[in-house]
Every structure is written in structure tokens, then in C-alpha cells.
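In what follows, a structure is listed as C-alpha cells, so that the remarks can point back to it.
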């Protein structure tokens, strides 16, 4: 996933937050949004339109978006391929981002003008310059939090956090193994585990710059970085250099999932949260009978629907 100020993707040339002239005093004629009225190729179905945003009413706040990321889930949603869809069309894409509070309405208690906030719920539609939300729809974050970190805080870091918290009890010194370790979520797994004292074995595809990638992930806090070929023959666990993993995180599927599953401790879970190879996760009968491997799935969108602010706010504050 790439975080942008709406410059890097071609279809985002329609709307550039950083090049818009934002007046000091807001009026409804200054707002713009990206909209799609049908599902399809984002390059064809996304249009720029003026957005008539009114003054905030009781309990509402007016936001000016600073930056919003392009997540593969956003693209799949626009294409109509994602399981979660907006309630109706036309819709404004975008579930993530960071915004500045321009104005607060009557009754707003914990947020002030000038604060930086991130979304707390899905389908707010962050690919626009301004929007009105309820106070409970957002969470205040420190202004000195980096642009990339703030704009991407509510999906990949939260996905990593929940998978590490919800499927087993990890303690300092335990080991987690994951594939797709150079993905945005994988990098968050590495950094959270480093902060918690948990060791990580990180599997990536081989490539010409593999040494550079290994160094990058090691600098983030990875304990070991292995290619998919190396993980098949590794002696890390048999030699006792590392304990067998208590948790495996799979975003690839196919043979890659089978390899990380093979190294798990008996009775441990493999959590699947993606399928980049588009190959099915195949589980050997022996893994179920003799190792009691637990096969689980995780989808952040579902968790967000079921969770309330009591769970969400402490998680985001911790991150």
C-alpha cells in the first residue's frame, strides 16, 4: 500500500490536496470530492465533483483532509470485487487518512479546531478535500505523528495488532513466522513484535535486490529474513537457534502458506488475512491430526463492524 498526498496514482491527478487553495474561512463552494457512480476500472469510473459541505451542526465537526492512502481494498471496492461495499452509489472512496479539524459544531467536547484526527469507522469517504463527521467517527492523534504513519494508522497497523493479540498469547521471546513480510501489514508486524520483545521470522519472495530488502526489514526489527526457497530448508528451529513459532501469519497462500505452517508449534494457529498468490490454502491431514494446527482467518473490516470504541481507541492509542 502507498500513502500519498494524491499525486502518485494517475487517477488521483483529478484531485490534489496539496495543490488546492484552502481558504482560511471555509465556504461550501471550496470542497471537491472523487466519486464513482458504478463499479468498474477506477481510471474510468472515478470523477471529480464539487462537494457542497455545510457548516457543522450539533455534535459534528468539519474536516479538511491532509492525506489519504490508496489501499488495494479501496481499488477492489471501486471495482465491485470487495465483500464490503458502500450502502449506495454514488460513493466517495477511501477508508483511511488523516485530517485537520477546521471547525467544530455545538456540543463537541473532546475535539478542537486545529486537531489532527483519523477515521474510526469504514466508508467515511476520505478521497475528498472536506467532510462533515460526528465527533465519535474520528480519533484525535498527535500533530507530530508522521504523515504516512497517521494516514495509514487505522488499517494495516490495526490488522497487525489484532492478529498478534487475538489468536494466541505471545510473550517476550516467543516467535512469530509470516510470509509477505515486506507488505505494509508485514512491516507493521515486525515493528510491533520488536516493541513487544517477540522474535519474527519473515519470508519474502526472492528478487534481484534481496540483500537490500533483507537489510531494510532487519533494520525495522526483523529477527530473521528468509526467501521462500530458504524457508524450505532452514535449520533455525531444528537447531534450537529459535523456538518454533507460536503463530503464523499468511497473506500469500499456496505453497508459501504450507511452508510457514510446517514450522508451527503443535496446537498453534495460522491466521490467513490475504491471498496474494491467488492460490488456495491447502492443509495436510497430518498437520490437523498430529500437530493440531489451527486454521483461522482475519478480516479487519469485520472486526471493525463488531468492535466498539472501548476496543478500538486503546488499540489505536497503543499503536
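The values are calculated or read from the model by the stated rules, or taken from the named source; none is laboratory data. Computed from a predicted structure; not experimentally measured. Note: ideal-geometry Cβ built from the backbone for every residue, glycine included; neighbour counts use all protein chains shown.
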Could you grab me the full set of residues in the range 65-77 that are surrounded by 20 or more Cβ atoms within 10 Å (Cβ to Cβ) and more than 17 Å from the chain's Cα centre (by Cα)?
-> 65
Counting just the residues of the range 92-126 that are in contact (Cβ under 8 Å) with a residue 60 or more places away in the chain and in a strand (DSSP E or B), which one comes out surrounded by the fewest Cβ atoms within 10 Å (Cβ to Cβ)?
-> 103
Do we find a residue being in contact (Cβ under 8 Å) with a residue 12 or more places away in the chain, surrounded by 15 or more Cβ atoms within 10 Å (Cβ to Cβ), within 23 Å of residue 75 (Cβ to Cβ) and not assigned by TED's automatic domain parsing to the domain that holds residue 78 anywhere in the range 163-173?
-> yes
Restricting the search to the range 137-146, which residues are out of contact with any helix residue (DSSP H, G or I) (no Cβ under 6 Å at 6 or more places or on another chain) and either surrounded by 14 or more Cβ atoms within 10 Å (Cβ to Cβ) or assigned to a strand (DSSP E or B) (or both)?
-> 137, 138, 140, 145
Count - residues of the range 259-312 that are assigned to a helix (DSSP H, G or I), more than 16 Å from the chain's Cα centre (by Cα), touching a residue at least 40 places away in the same chain (Cβ under 8 Å) and within 23 Å of residue 84 (Cβ to Cβ) | 1
Filter the range 99-111 for residues that are touching a strand residue (DSSP E or B) at 6+ places or on another chain (Cβ under 8 Å) and modelled with pLDDT of 95 or more and give the result.
-> 99, 100, 101, 102, 103, 104, 105, 108, 111
Given 212, 229, 259, which one is buried (at least 20 other Cβ atoms within 10 Å of the Cβ) and closer than 30 Å to residue 71 by Cα?
-> 259
(1) under 14 Å from residue 182 (Cβ atoms); (2) in a helix (DSSP H, G or I); (3) touching a helix residue (DSSP H, G or I) at 6+ places or on another chain (Cβ under 7 Å); (4) without any contact (Cβ under 8 Å) to a residue 60 or more places away in the chain: which one isn't true of residue 232, the others all being true?
-> (1)
Mind checking which residues of the range 51-64 are surrounded by fewer than 21 Cβ atoms within 10 Å (Cβ to Cβ) and touching a helix residue (DSSP H, G or I) at 6+ places or on another chain (Cβ under 7 Å)?
-> 52, 54, 59
For residue 248, indicate whether it is more than 22 Å from residue 72 (Cα to Cα) and assigned by TED's automatic domain parsing to the domain that holds residue 167.
-> yes
Of the residues in the range 105-139, those that are within 18 Å of the chain's Cα centre (by Cα) and farther than 24 Å from residue 82 by Cα come to 117, 139
Among (1) touching a strand residue (DSSP E or B) at 6+ places or on another chain (Cβ under 8 Å); (2) within 22 Å of residue 170 (Cα to Cα); (3) outside any loop (DSSP other than H, G, I, E, B), residue 244 falls short only on (3)
Going by the conditions given, is residue 256 assigned to a helix (DSSP H, G or I), under 18 Å from residue 183 (Cα atoms) and within 23 Å of the chain's Cα centre (by Cα)?
-> yes
Just to be sure, is residue 168 assigned to a strand (DSSP E or B) and within 24 Å of residue 267 (Cβ to Cβ)?
-> no
Are there any pairs with C-beta distances below 7 angstrom linking a residue in the range 43-64 that is on the phi > 0 side of the Ramachandran plot to a residue that is not in a helix (DSSP H, G or I), with the two at least 6 apart or on different chains, and if so which?
-> 59/105; 59/107; 59/108; 59/134
Single residue of 12, 26 found to be under 21 Å from residue 115 (Cα atoms), in contact with a strand residue (DSSP E or B) (Cβ under 9 Å, 6 or more places away or on another chain) and modelled with pLDDT under 50 = 26
